[in-house]
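Input: a single structure, listed below in structure tokens.
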Amino acid sequence: MTNYESDDNHREIASTLSKLGLLQEQLGNTTKALAYLNRSLAITIDLKDKPGTAVNIRNLGSVYSTQGLFDKALQHYQKSLNIQEEINNQLGIAECLFEISSIYGRIGKYTQAISYCEKAIKIFHQFGNIEDVAMLNSHIGINYMMMGRYDMAMTSLHEAVKQAKSTNNVHLLPGFYMPLAIVYVEQGNFEKGIEYFSNSLELVQRTGNKSKTLAILNNLGFTHQLMGSYEKALSFYHKSLNYNDSSEIPAHAKTLSFIGDLYLKYLNSEDSAFHYLNRANNIYKSLGHTVQLRINLESIGSWYTSQGQILKALNFYYDALNIVEETRDTLGVASIYNDLASVHKMQNNWKQAITYQLKALEIYELIQHNSQIPSTKMEMADLYLSTNEHRKALKFATEALNRFRTLKDSCQLSNSYFTIGKAYSLLHMTDSAVNYLQKAIWQAEKCHLNVTLAQSYIEMGKIHSADQQAKKAFNAYQLALEYAEVSQDRRCIQEAAAFLFPIYQQKGEFKKAFETINLYQANKDSLFNAENTRILVQKEMEVAYAKAEKEKALLQQKENVLTAQKLEKQQWVIYTSIGGFVAMLLIAMVVYRNFRNKQKANVLLRQQKKELEEMDHVKSRLFANISHELRTPLTLISSPLEMLIKNGAT
């Protein structure tokens with residue numbers, strides 16, 4: 001740095017500052033990164049170096065993106081794009097288009113992200129940059145995956161792999177194998193997912209890429225976690241921790257989050273969980289990584305929700321909501337609205353649940369999140385069934401069904417069929433109800449969805465009972481109880497047992513009747529306890545809310561008193577100031593009046609003096625004239641007298 005300054009080579013200084021900024025970003029020191037990059041930007045602007053200015057602005061966008069400030073990142077990328085277009089730097093334009101697409105992908109605007117990727121691909125194709133084209137195809141695949149379009153995701157990702165292999169660049173392949181593995185895992189094909197993750201791990205370890213090694217180890221751990229192999233999952237997570245060092249701080253925090261989440265949700269060790277989660281959260285706070293911090297807070301909130309600790313859950317959700325609203329993380333806001341809806345649904349607070357669910361749906365539709373839209377519509381349908389708004393439930397469930405068909409998500413179809421069938425049943429449209437419930441049963445059997453099977457058979461039993469088809473109703477309730485016991489769904493067990501008990505009594509099968517009534521009572525007690533817990537939690541929430549409102553009122557009252565005192569003090573100061581001002585004004589008037597009187601007196605004195613001086617002058621002239629008048633005759637007389645006197649003497 002000193003040599004550059006002594007040589008006055010400002011371009012080199014700017015370049016070095018820019019490199020230092022990028023290095024600090026990699027180390028997670030975003031504040032220092034911004035400082036270096038802004039200094040570099042100031043120099044390039046002074047030098048009127050447009051290419052350098054465009055690069056610095058784009059790098060600043062990258063840092064803001066790391067901080068989760070996506071609006072700022074987009075603004076900087078757009079500014080950089082405008083400069084690149086002005087100087088007609090095609091490769092620079094393509095790079096900016098790619099960065100903009102990445103931001104749109106991160107905020108859930110996947111259609112826009114794909115559009116910008118496709119624009120960048122056209123430019124890179126013109127220059128024969130196959131590696132960049134492969135990278136962009138990979139990003140298109142990831143965006144399709146996030147939209148739930150797994151078929152399109154597979155097509156783009158396999159195209160990326162094919163292009164990467166044609167360049168003989170083994171460094172690219174792990175980055176394409178990883179999203180392919182994730183797509184397989186998302187579809188439930190864990191073995192294929194592990195295969196692709198393992199292939200990626202082998203390649204990155206060969207090339208010595210530390211950050212990708214850590215990411216793959218974490219993904220392997222998470223896949224085993226989804227499979228229920230928790231010891232294997234922990235093994236991979238700890239390998240990631242041991243492989244890590246201080247140069248990969250964000251990756252270290254992510255691994256800590258994975259371990260904490262595993263202990264919290266699956267190993268039931270709250271102390272161990274928070275030992276890891278707090279360490280991760282502190283790192284994210286220090287680095288300004290708000291997105292990851294929000295994910296952790298949301299995850300903790302969901303666990304407390306599952307444990308019935310609603311107040312704690314709400315605290316974490318609201319903390320997360322504050323973060324996403326600050327950073328304008330649209331997808332994050334929708335996710336938390338879903339969480340808040342679930343909490344209110346647990347408390348049978350249907351109105352609030354519907355409000356939050358509709359807010360989430362509005363965002364998903366705005367950003368065209370194809371996989372979340374139908375799921376949220378299904379949640380809406382269930383909520384409207386709970387409020388006896390059956391036609392609204394039918395509308396949302398039908399819309400969700402059509403979306404799931406488009407996405408080719410066959411297992412979700414069964415839930416849609418069931419909800420539509422139940423809505424038709426409640427609307428007394430029996431034929432349509434039976435048709436959809438049969439479809440739900442057929443689809444649920446294919447996907448091994450035991451709860452959906454139990455629920456569907458219970459609804460079928462109700463319809464057969466209403467139609468006086470006792471045998472069909474009995475068979476449906478028996479099947480419902482079998483599937484309910486397999487799934488351990490207490491509510492379905494209780495409901496199926498309640499319908500079977502009078503049938504066994506009527507048939508004289510008292511042993512079976514006794515077994516079903518015991519089964520009913522056991523699950524009723526469990527549900528009763530759960531309901532009591534819910535009511536207690538609701539009361540606790542109400543008390544906490546009332547306490548918070550009381551504290552708020554007291555605080556407001558205190559603030560009002562302080563404000564009144566402050567106002568009174570201010571008034572006293574104002575009145576004192578006014579009094580002082582009036583007194584000063586009176587004094588000034590007296591002084592001024594005295595001054596004016598003195599001035600008048602002085603003028604009068606000057607006039608009198610002038611008059612006296614004039615009188616003295618007149619008097620002097622008078623005496624002079626008189627003296628002259630007297631002296632002249634005396635002179636005339638004195639000469640003859642002197643002569644007479646003189647003659648008389650002689």
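The values are calculated or read from the model by the stated rules, or taken from the named source; none is laboratory data. Bear in mind that the values here come from a model prediction, so they are computed numbers and not experimental data. With ideal geometry, Cβ positions are generated from the backbone for all residues, glycine too; neighbour counts draw on all protein chains shown. Side chains are part of the model used for accessible areas, which takes the heavy atoms of the whole protein and leaves out ligands, DNA and RNA. Shrake-Rupley method; radii C 1.70, N 1.55, O 1.52, S 1.80 Å.
Of note:
- In the stretch 311-337, the residues that are under 18 Å from Gln352 (Cα atoms) form Cβ pairs under 7 Å with partners that are open to solvent by less than 30 Å² (accessible area, probe 1.4 Å) and of a type in the set (S, T, N, Q), at six or more places apart or across chains, as follows: Ala313/Thr305.
- Helices (runs of 4 or more DSSP H) (entirely within the stretch 238-357) containing at least 3 residues that are more than 22 Å from His224 (Cα to Cα): 270-287, 290-306, 310-327, 330-346
- Whether a residue is at pLDDT 80 or above and out of contact with any Leu (no Cβ under 6 Å at 6 or more places or on another chain) was assessed, and Gln505 passes this test.
- Among the residues of the stretch 186-228, those that are aliphatic (A, V, I, L, M) and closer than 27 Å to Asn168 by Cα comprise Ile194, Leu201, Leu203, Val204, Leu214, Ala215, Ile216, Leu217, Leu220.
- Residues satisfying the criterion are absent from the stretch 460-474 (criterion: under 25 Å from Gln372 (Cβ atoms) and free of Cβ contacts under 8 Å to residues at least 60 places away in the same chain).
- Residues in the stretch 130-160 that are among the small types (Gly, Ala, Ser) and outside any loop (DSSP other than H, G, I, E, B): Ala134, Ser138, Gly141, Ala153, Ser156, Ala160.
- Taking the stretch 351-373 as the range and being under 30 Å from Leu427 (Cα atoms) and modelled with pLDDT under 90 as the test, the residues that pass are Tyr364, Glu365, Asn370, Ser371, Gln372, Ile373.
- Candidates in the stretch 454-480 are the residues that are within 44 Å of the chain's Cα centre (by Cα) and open to solvent by 20 Å² or more (accessible area, probe 1.4 Å); of these, the one that is nearest to Asn435 (Cα to Cα) is Tyr457.
- Only a single item in (1) in contact with a helix residue (DSSP H, G or I) (Cβ under 7 Å, 6 or more places away or on another chain); (2) on the phi > 0 side of the Ramachandran plot is not met by Asn348, and it is number (1).
- Selection of the stretch 167-186 for residues being surrounded by 14 or more Cβ atoms within 10 Å (Cβ to Cβ) and part of a loop (DSSP other than H, G, I, E, B) yields Thr167, His171, Leu172.
Residue-by-condition table, conditions (1) open to solvent by 30 Å² or more (accessible area, probe 1.4 Å); (2) touching a His at 6+ places or on another chain (Cβ under 7 Å):
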position: Asp329; (1), (2): no, no
position: Ala334; (1), (2): no, no
position: Ala341; (1), (2): no, no
position: Gln347; (1), (2): no, no
position: Ala353; (1), (2): no, yes
position: Tyr364; (1), (2): no, no
position: His369; (1), (2): no, no
position: Gln372; (1), (2): yes, no
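- Subset tally (residues that are modelled with pLDDT of 90 or more and among the hydrophobic types (A, V, I, L, M, F, W, C)) for the stretch 388-411: 6
- Members of the stretch 363-382 found to be in a helix (DSSP H, G or I) and either in contact with a Phe, Trp or Tyr (Cβ under 6 Å, 6 or more places away or on another chain) or under 13 Å from Leu331 (Cβ atoms) (or both), listed by number: Ile363, Tyr364, Glu365, Leu366, Gln372, Ile373, Pro374, Thr376, Lys377, Met380, Ala381
- Given (1) open to solvent by less than 20 Å² (accessible area, probe 1.4 Å); (2) within 19 Å of Glu118 (Cβ to Cβ); (3) not hydrophobic (A, V, I, L, M, F, W, C), number of the condition Asp132 does not satisfy: (1)
- Across the stretch 396-407, a minimum of one residue is classified as assigned to a helix (DSSP H, G or I), over 22 Å from Ser487 (Cα atoms), open to solvent by 10 Å² or more (accessible area, probe 1.4 Å) and among the basic types (Lys, Arg).
- Tallying residues that are closer than 22 Å to His252 by Cα and surrounded by 15 or more Cβ atoms within 10 Å (Cβ to Cβ) within the stretch 195-220 yields 17.
- Condition check for Ala164 on (1) within 33 Å of the chain's Cα centre (by Cα); (2) surrounded by 21 or more Cβ atoms within 10 Å (Cβ to Cβ); (3) not β-branched (Val, Ile, Thr): one failure, at (1).
- Residues in the stretch 408-429 that are more than 37 Å from the chain's Cα centre (by Cα), open to solvent by less than 50 Å² (accessible area, probe 1.4 Å) and not hydrophobic (A, V, I, L, M, F, W, C): Gly421, Tyr424, Ser425.
- Residues of the stretch 135-155 classified as over 25 Å from Ser335 (Cβ atoms) and surrounded by 21 or more Cβ atoms within 10 Å (Cβ to Cβ), total: 3
- Of all residues in the stretch 379-395, those that are more than 25 Å from the chain's Cα centre (by Cα), of a type in the set (A, V, I, L, M, F, W, C) and crowded, with 21+ Cβ neighbours inside 10 Å total 4.
- Single residue of the stretch 97-129 satisfying the filter (assigned to a loop (DSSP other than H, G, I, E, B) and touching a residue at least 60 places away in the same chain (Cβ under 8 Å)) that is surrounded by the most Cβ atoms within 10 Å (Cβ to Cβ): Gly108
- Glu459 being among the acidic types (Asp, Glu) and more than 24 Å from Leu427 (Cβ to Cβ): no
- Here Ser487 fulfils each of the conditions (1) small (Gly, Ala, Ser); (2) open to solvent by 30 Å² or more (accessible area, probe 1.4 Å); (3) at pLDDT 85 or above apart from (3).
- For Leu234: the one exception among (1) open to solvent by 40 Å² or more (accessible area, probe 1.4 Å); (2) at pLDDT 90 or above; (3) of a type in the set (A, V, I, L, M, F, W, C): (1)
- When Gly193, Gly148 are checked against the criterion of being within 25 Å of Cys447 (Cβ to Cβ) and touching a residue at least 60 places away in the same chain (Cβ under 8 Å), Gly148 stands alone in meeting it.
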